[in-house]
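Asks: Sharing a structure below in structure tokens format, with a few things to ask.
The values are calculated or read from the model by the stated rules, or taken from the named source; none is laboratory data. In this text the structure is predicted, and so the values were computed from the model without any measurement. Ideal geometry is used to build each Cβ from the backbone, glycine not excepted, and the neighbour counts take in all protein chains shown. Keep in mind that these areas ignore ligands, DNA and RNA; they rest on the heavy atoms of the full protein, side chains included. Shrake-Rupley method; radii C 1.70, N 1.55, O 1.52, S 1.80 Å.
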Amino acid sequence: MVGMQKRSDFHFKYPPNIHELDLATMVNMFRSRGEPRKAPAGEYFACAYSHELLKEAKWWFGLYFSQHIWDALLTKGSEGFPLTNIELNVLGHIYMSEDEAPHREYIEKNAGATEKLAYLVVNDLRSFGFISEDDSGFLRITPRGEKALNGIARRIYEKRFLPEMLTDEPLPDDPKIEQAQKKDKEQTSLF
């Protein structure tokens with residue numbers, strides 16, 4: 001799906017190679033996003049956007065942001081939750097399916113992220129009150145979730161949410177390793 005033309009690149013983004021992380025590392029980094037970090041004595045962090053040197057910064061998957069830039073990256077209606085295009089996809093797919101609540105598995109497969117990351121995103125959006133999940137795994141967007149969805153849509157596309165904003169570009173769950181081709185087909189088994 002080609003989707004709409006993005007109007008702004010000033011929003012949080014997950015690393016493009018996040019699928020290379022093992023689950024434990026991904027969970028740890030995901031849970032640590034937004035944490036304030038202090039630079040070691042005699043050292044500084046640099047803000048990923050302003051490039052200004054900082055003694056304290058907010059952390060995002062190995063990047064550092066000044067408090068001012070972090071606050072500016074947060075979108076209207078997000079209530080302090082750092083939203084990306086993945087959250088836009090999750091919230092948008094649920095919003096589009098309001099007549100019949102979609103199942104969590106469908107949403108995770110269509111999030112535009114690896115299923116591991118999509119699982120974490122869905123859990124976080126649920127625990128933050130942007131979506132609700134029933135006992136059977138069906139998801140609904142809440143009024144708070146609609147405000148958050150429209151906030152990230154406005155930031156990226158300068159419009160309220162529209163279905164054309166959804167992207168269907170799943171990332172690989174595991175890097176593919178090419179099999180070496182055997183030259184000598186007659187190899188004796190050692191077992």
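Asks: What do you reckon, is residue 78 surrounded by 14 or more Cβ atoms within 10 Å (Cβ to Cβ), among the hydroxyl-bearing types (Ser, Thr, Tyr), over 13 Å from residue 140 (Cβ atoms) and touching a strand residue (DSSP E or B) at 6+ places or on another chain (Cβ under 9 Å)?
Replies: no
Asks: Of all residues in segment 70-104 being among the acidic types (Asp, Glu) and assigned to a loop (DSSP other than H, G, I, E, B), which is modelled with the lowest pLDDT?
Replies: The qualifying residue modelled with the lowest pLDDT is 98.
Asks: Write out, first by first residue and then by second, each pair whose Cβ atoms fall under 6 Å of each other, whose residues are 6+ apart or on separate chains, and whose first residue, in segment 33-53, is farther than 21 Å from residue 11 by Cβ while the second is in a loop (DSSP other than H, G, I, E, B) and of a type in the set (Ser, Thr, Tyr).
Replies: That search, which allows pairs on different chains as well, returns 53/44.
Asks: Condition check: at positive phi and surrounded by 11 or more Cβ atoms within 10 Å (Cβ to Cβ). Does residue 34 satisfy that? Working first, answer last.
Replies: Values: at positive phi: yes; surrounded by 11 or more Cβ atoms within 10 Å (Cβ to Cβ): yes.
The answer is yes for residue 34.
Asks: A follow-up question, please. Between a residue in segment 140-163 that is farther than 18 Å from residue 7 by Cβ and open to solvent by 70 Å² or more (accessible area, probe 1.4 Å) and any residue that is of a type in the set (S, T, N, Q) and at pLDDT below 95, which pairs come within a Cβ distance under 9 Å, given they are 6 or more apart or on different chains?
Replies: Taking only residues 6 or more apart or on different chains, the pairs are 140/97.
Asks: Next question. In segment 115-133, which residues are acidic (Asp, Glu) and in contact with a strand residue (DSSP E or B) (Cβ under 8 Å, 6 or more places away or on another chain)? Spell out how you get there, then give the answer.
Replies: Residues of segment 115-133 that are acidic (Asp, Glu), as a first pass: 115, 124, 133.
Matches in segment 115-133: 133 only.
Asks: Among the listed residues 127, 132, 136, which satisfies the condition of being open to solvent by 50 Å² or more (accessible area, probe 1.4 Å) and in contact with a Lys or Arg (Cβ under 6 Å, 6 or more places away or on another chain)? Walk me through it before giving the result.
Replies: Working: 127 fails: in contact with a Lys or Arg (Cβ under 6 Å, 6 or more places away or on another chain); 136 fails: in contact with a Lys or Arg (Cβ under 6 Å, 6 or more places away or on another chain).
Result of the check over 127, 132, 136: 132.
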